[in-house]
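A.B. asks: One structure, pasted below without further comment.
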Amino acid sequence: MSDFLLSILLGVVEGLTEFLPVSSTAHLRIVEALLNLDLHDSFWKMYTIVIQLGAILALPVYFWERIMKLLRTFPAGERGDRTILTHPLSLTMIAFVITAIPAWALKKQIGQNLENLWVISWAILIGGIIMWIVDLAFTRPKIQQMDEMNLWQAAWIGAAQILSAVFPGTSRSMSTIAAGQTVGLSRPAALEFSFFLSMPTMAVATLYDLYKTIAPNRNTPVEGNLAPLAVSGHQWIVLVIGFVISFMVALAVVAWFMRWVRARGFVPFAIYRVILGIVMLISLARGLI
């Protein structure tokens with residue numbers, strides 16, 4: 001497969017799975033295993049970070065008007081019943097901090113699990129079962145809009161997001177959506193807060209990964225050091241293709257997902273996770289991946 005076709009494929013996979021509750025990390029690892037790819041090469045490692053940045057950009061573009069309205073009404077909110085601690089933007093940042101500090105402390109454990117397909121497979125399966133149960137059990141939400149959330153609800157969602165960092169395959173969106181539903185948020189409210197929380201979470205994590213990839217590291221042997229990374233013209237084209245494809249697909253997925261959730265639930269995604277997790281575990285046991 002040519003680099004250009006591979007870039008398109010990986011960009012589509014990233015864009016499709018980044019914001020759906022199915023784990024983009026898991027799907028990229030599956031593609032890597034099935035096609036016998038090596039995405040740990042210095043260039044392809046940077047490429048996976050770049051396409052994730054493309055997906056992240058889809059969120060502020062889609063929610064631009066909503067973000068501007070929240071900024072204009074800070075801190076009282078549209079109805080004047082919010083404070084500097086309970087405004088949606090404040091709650092987003094509080095949840096982000098609650099996620100970021102433990103995730104930083106556990107970065108060694110996180111790094112060990114990132115490439116472990118057994119951990120990813122079990123996380124996909126168990127996460128699917130949990131999501132299925134939560135979506136069927138919590139059907140009488142008290143909070144219909146993100147603007148009605150309180151501090152402890154945001155803190156709980158931020159804490160739940162840690163699971164997706166420690167156990168790749170759990171899915172950041174699955175963790176935050178399910179956590180939101182368990183504390184009384186409607187499906188649309190849980191999904192919207194999940195999207196808002198992902199903006200600082202993913203931006204900081206991805207930019208940090210990019211920095212580690214391209215910054216010189218004196219403690220790393222020369223053959224393992226990813227910087228300075230000389231990118232050829234061919235590679236720049238591959239990066240641009242992946243970035244653009246990931247952004248466009250992610251933007252379409254976000255718009256579709258918001259409409260889907262207003263009319264339907266998350267059970268189809270839970271079923272998909274359960275099936276995928278079982279298939280992966282069987283494939284691993286048989287040495288197929």
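The values are calculated or read from the model by the stated rules, or taken from the named source; none is laboratory data. Small disclaimer: the values here were computed from a predicted structure and weren't measured. For neighbour counting, all protein chains shown are included, and Cβ atoms are generated from backbone atoms with ideal geometry for every residue, glycine included. SASA here: full protein model, heavy atoms, side chains in, ligands and nucleic acids out. Shrake-Rupley method; radii C 1.70, N 1.55, O 1.52, S 1.80 Å.
A.B. asks: Look through region 2-34, keep the residues that are open to solvent by less than 50 Å² (accessible area, probe 1.4 Å) and among the polar types (S, T, N, Q), and return whichever of them is farthest from PHE269 (Cα to Cα).
C.D. replies: Here the residue is SER7.
A.B. asks: Across region 36-53, what is the number of residues that are in contact with a helix residue (DSSP H, G or I) (Cβ under 8 Å, 6 or more places away or on another chain) and free of Cβ contacts under 8 Å to residues at least 60 places away in the same chain?
C.D. replies: 4
A.B. asks: Ok, one more. From the list ALA263, ALA255, ALA250, exactly one residue is in contact with an Asp or Glu (Cβ under 7 Å, 6 or more places away or on another chain) and not polar (S, T, N, Q). Which is it?
C.D. replies: ALA250
A.B. asks: Name the residues in region 35-49 that are open to solvent by 50 Å² or more (accessible area, probe 1.4 Å) and part of a helix (DSSP H, G or I), would you?
C.D. replies: The one that is open to solvent by 50 Å² or more (accessible area, probe 1.4 Å) and part of a helix (DSSP H, G or I): LYS45.
A.B. asks: Then there's this: Given (1) modelled with pLDDT of 95 or more; (2) farther than 24 Å from PRO168 by Cβ, where does VAL254 come up short, assuming only one miss?
C.D. replies: (2)
A.B. asks: From the list ILE67, ILE56, ILE101, ILE84, which residue is in contact (Cβ under 8 Å) with a residue 12 or more places away in the chain and not acidic (Asp, Glu)?
C.D. replies: Step by step, each of ILE67, ILE56, ILE101, ILE84 is checked, and only ILE56 is in contact (Cβ under 8 Å) with a residue 12 or more places away in the chain and not acidic (Asp, Glu).
A.B. asks: Hey, does region 100-111 have a residue that's open to solvent by 60 Å² or more (accessible area, probe 1.4 Å), under 20 Å from GLN153 (Cβ atoms) and in a helix (DSSP H, G or I)?
C.D. replies: Yes: one or more hits.
A.B. asks: Would you confirm whether any residue within region 142-149 is within 25 Å of THR86 (Cα to Cα) and in contact with an Asp or Glu (Cβ under 6 Å, 6 or more places away or on another chain)?
C.D. replies: The answer is yes; a qualifying residue exists.
A.B. asks: May I ask you to list the residues in region 50-85 that are outside any helix (DSSP H, G or I) and within 24 Å of the chain's Cα centre (by Cα)?
C.D. replies: Of everything in region 50-85, just one residue is outside any helix (DSSP H, G or I) and within 24 Å of the chain's Cα centre (by Cα), namely PHE63.
A.B. asks: Something else about it: Name the residues in region 260-289 that are under 16 Å from GLY180 (Cβ atoms) and either touching a Leu at 6+ places or on another chain (Cβ under 6 Å) or free of Cβ contacts under 8 Å to residues at least 40 places away in the same chain (or both), would you?
C.D. replies: Passing the criteria: only VAL261.
A.B. asks: Please go through region 264-285 and pick out each residue that is open to solvent by 60 Å² or more (accessible area, probe 1.4 Å), within 14 Å of SER121 (Cα to Cα) and not aliphatic (A, V, I, L, M).
C.D. replies: Selection gives TYR272 alone.
A.B. asks: Consider ALA154 against the criteria (1) more than 14 Å from the chain's Cα centre (by Cα); (2) touching a residue at least 40 places away in the same chain (Cβ under 8 Å); (3) closer than 28 Å to LEU281 by Cα: it satisfies all of them except one. Which criterion is unmet?
C.D. replies: (3)
A.B. asks: Can you name the helices (runs of 4 or more DSSP H) wholly within region 140-219 that have at least 3 residues being among the hydroxyl-bearing types (Ser, Thr, Tyr), open to solvent by 10 Å² or more (accessible area, probe 1.4 Å) and at pLDDT below 95?
C.D. replies: 187-214
A.B. asks: Shifting gears a bit: Determine if region 77-86 includes at least one residue that is under 17 Å from ALA203 (Cβ atoms) and either surrounded by fewer than 20 Cβ atoms within 10 Å (Cβ to Cβ) or of a type outside the set (Val, Ile, Thr) (or both).
C.D. replies: no
A.B. asks: While we're here: Looking at this structure, is TRP122 surrounded by fewer than 24 Cβ atoms within 10 Å (Cβ to Cβ), closer than 18 Å to SER198 by Cα and over 17 Å from the mean Cα position of the chain (by Cα)?
C.D. replies: Judged against the criteria, TRP122 is not a match.
A.B. asks: If a residue must be farther than 12 Å from PHE195 by Cα and in contact with a Leu (Cβ under 7 Å, 6 or more places away or on another chain), how many such residues does region 50-60 contain?
C.D. replies: 2
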